[in-house]
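Here the structure comes first, spelled out in structure tokens, and everything after it is commentary.
The values are calculated or read from the model by the stated rules, or taken from the named source; none is laboratory data. Computed from a predicted structure; not experimentally measured. We place every Cβ from the backbone using ideal geometry, glycine too, and count neighbours over all the protein chains shown. Protein only, heavy atoms only, side chains kept; ligands, DNA and RNA dropped before computing areas. Shrake-Rupley method; radii C 1.70, N 1.55, O 1.52, S 1.80 Å.
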Amino acid sequence: VHGAGVLADARLADKTPEQFDRVFGTKGDGLRHLLAATSRDPLRLIVLFSSSTGRFGRTGQADYAAANEVLNKLAWRESRGRPDCRVVSLSWGPWDGGMVTPALRDVFAAEGVGLIGREAGAAFLVDELRGVGPVEVVVLAAGAAPAPSSGDWTVAFERVLDVTSHPALDRKSTRLNS
């Protein structure tokens, strides 16, 4: 079970390299070390505590979002390399406790983002681990709205990605496998 995280919320332009490294490294480097230490072990279960921030983003948390997506993608890699092991990356929404301070609780309430109750979250985890399911699971509180409900989204930028312009996207690319 890998559940680690620190926050240093700030706009990416205002973040120091040390802040970024601390937030990003806590999740990504920590998991890589854990996987290296258990690479020859016949594990039956790998559970990663990711965050819905990796899926939906959050102001001031570009590093945290990226770190959580690293967990999600490493979970996919491990699931392929360990066919007899249940690997799951749970992208949790905010819990009522832990990293959610009273001030942050108020922010989530104002945004309409529900908090996962401790008992409900624990019960979900136990149920999830009893069965067979997908590698990535996004877990949100009932009625949670991870994005603005108004639907007034604006495009920040557009970029076409394909294997010709970005060869690393080709799953057969040697850069990807090295």
### Query
Applying the selection to the range 84-107, what residues are in contact with a Leu (Cβ under 6 Å, 6 or more places away or on another chain) and open to solvent by less than 50 Å² (accessible area, probe 1.4 Å)?
85, 86, 89, 93, 94
### Query
So residue 80 fits all but one of (1) in a helix (DSSP H, G or I); (2) under 15 Å from the mean Cα position of the chain (by Cα); (3) not small (Gly, Ala, Ser); what number is the exception?
(2)
## Note on the structure
Taking the range 80-101 and the residues there that are of a type outside the set (Ser, Thr, Tyr) and at pLDDT below 90, the one that is farthest from residue 45 (Cα to Cα) would be 100
#### Entry: Near pairs, Cβ below 7 angstrom, 6+ apart or cross-chain, from the range 33-60 (open to solvent by less than 80 Å² (accessible area, probe 1.4 Å)) to any residue that is of a type in the set (Val, Ile, Thr) and modelled with pLDDT under 95
47/1; 52/138
### Message
List the residue pairs whose Cβ atoms are under 9 Å apart, where the first residue sits in the range 61-82 and is under 19 Å from residue 20 (Cα atoms), the second is acidic (Asp, Glu) and not in a helix (DSSP H, G or I), and the two are 6 or more positions apart or on different chains.
### Response
61/9; 64/9; 72/136
### Residues that are loosely packed, with under 11 Cβ neighbours inside 10 Å and either at pLDDT 85 or above or of a type outside the set (A, V, I, L, M, F, W, C) (or both), drawn from the range 135-164
143, 148, 149, 150, 151, 152, 154, 158, 159, 162, 164
## Note on the structure
Selection from the range 55-69 of residues out of contact with any Leu (no Cβ under 8 Å at 6 or more places or on another chain), hydrophobic (A, V, I, L, M, F, W, C) and closer than 15 Å to residue 15 by Cβ yields 65, 66, 67
